[in-house]
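Comments concern the structure below.
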Amino acid sequence: MEVPGAGYVVLALLVALFGALAWRYARRLVTVTRVLRGGVRAEGECVRVETEPYQRSDARRHFFVFRTADGTPVEFEDLAGWSTTEGTRVTVTYDPRDPRGTATVAGRGSWSPVLQALALVAGCGMAALGFAVLLYVEISGSG
C-alpha cells in the first residue's frame, strides 16, 4: 500500500536532518576557529574510546581530559583519528570562559580541527542541498 505524499515527507525530513547537522557543525567550525586563534593550550590525554552498539568499526567516540590553568579537570568529546587510543597524549586548545564547550584537540598526529569541521559542514550541507533538489523535482513534477 502506497501512502500519498510519503515521499515528500521523507525527503523533507532528510533535508531537515542534514540541514540541522550542517548548522551544528558550522557553529562548531566558528568556535574551533576562534579558539585556535586566541585560546589557551594545555596538555591532555585520551581517557576513553567507546564503540557504538553492534560493534560497528566506523563508529568510535573519543573522550579527552585536560586541566585548566587553575587545575580543574575537564572531560570532553572530540573527533580523533583511528590511531588515537586510551593514553594518547594530545594538545588541547580551549577558551577559559567555557573550557568544556570549546575544547578541541589541536596538535601533531591529528587532523586539523578546522578541516574536520569544514568537511562535516560541506558533507552535510551538500546532502541537505541534494535532498532539497530531489524534493523540489518531486513537488514540481519535473522528473
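Yes/no per residue for (1) assigned to a strand (DSSP E or B); (2) under 17 Å from Val114 (Cα atoms); (3) modelled with pLDDT under 95:
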position	(1), (2), (3)
Val35	no, yes, yes
Arg41	yes, yes, yes
Val74	yes, no, no
Thr91	yes, yes, yes
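What number of residues within region 11-31 satisfy the criterion of being within 11 Å of the chain's Cα centre (by Cα), modelled with pLDDT under 90 and open to solvent by less than 50 Å² (accessible area, probe 1.4 Å)?
Of the residues in that region, 1 qualify.
Restricting attention to region 77-101, and to residues there that are among the hydroxyl-bearing types (Ser, Thr, Tyr) and buried (at least 19 other Cβ atoms within 10 Å of the Cβ), which single residue is farthest from the chain's Cα centre (by Cα)?
Residue satisfying both the conditions and the ranking: Thr88.
Taking region 102-117 as the search range and keeping residues that are surrounded by fewer than 17 Cβ atoms within 10 Å (Cβ to Cβ) and in a helix (DSSP H, G or I), which one is modelled with the lowest pLDDT?
So the residue we want is Val114.
Among residues belonging to region 54-72 that are among the polar types (S, T, N, Q) and open to solvent by 40 Å² or more (accessible area, probe 1.4 Å), point out the one that is nearest to Gln116 (Cα to Cα).
Per the criteria, the residue is Ser57.
The values are calculated or read from the model by the stated rules, or taken from the named source; none is laboratory data. Predicted, not measured: the structure shown is a model, and the values here were computed from it. Glycine gets a Cβ as well: all are built from the backbone with ideal geometry, and neighbour counts include every protein chain shown. What goes into the accessible areas is simple: the full protein's heavy atoms, side chains included, and nothing from ligands, DNA or RNA. Shrake-Rupley method; radii C 1.70, N 1.55, O 1.52, S 1.80 Å.
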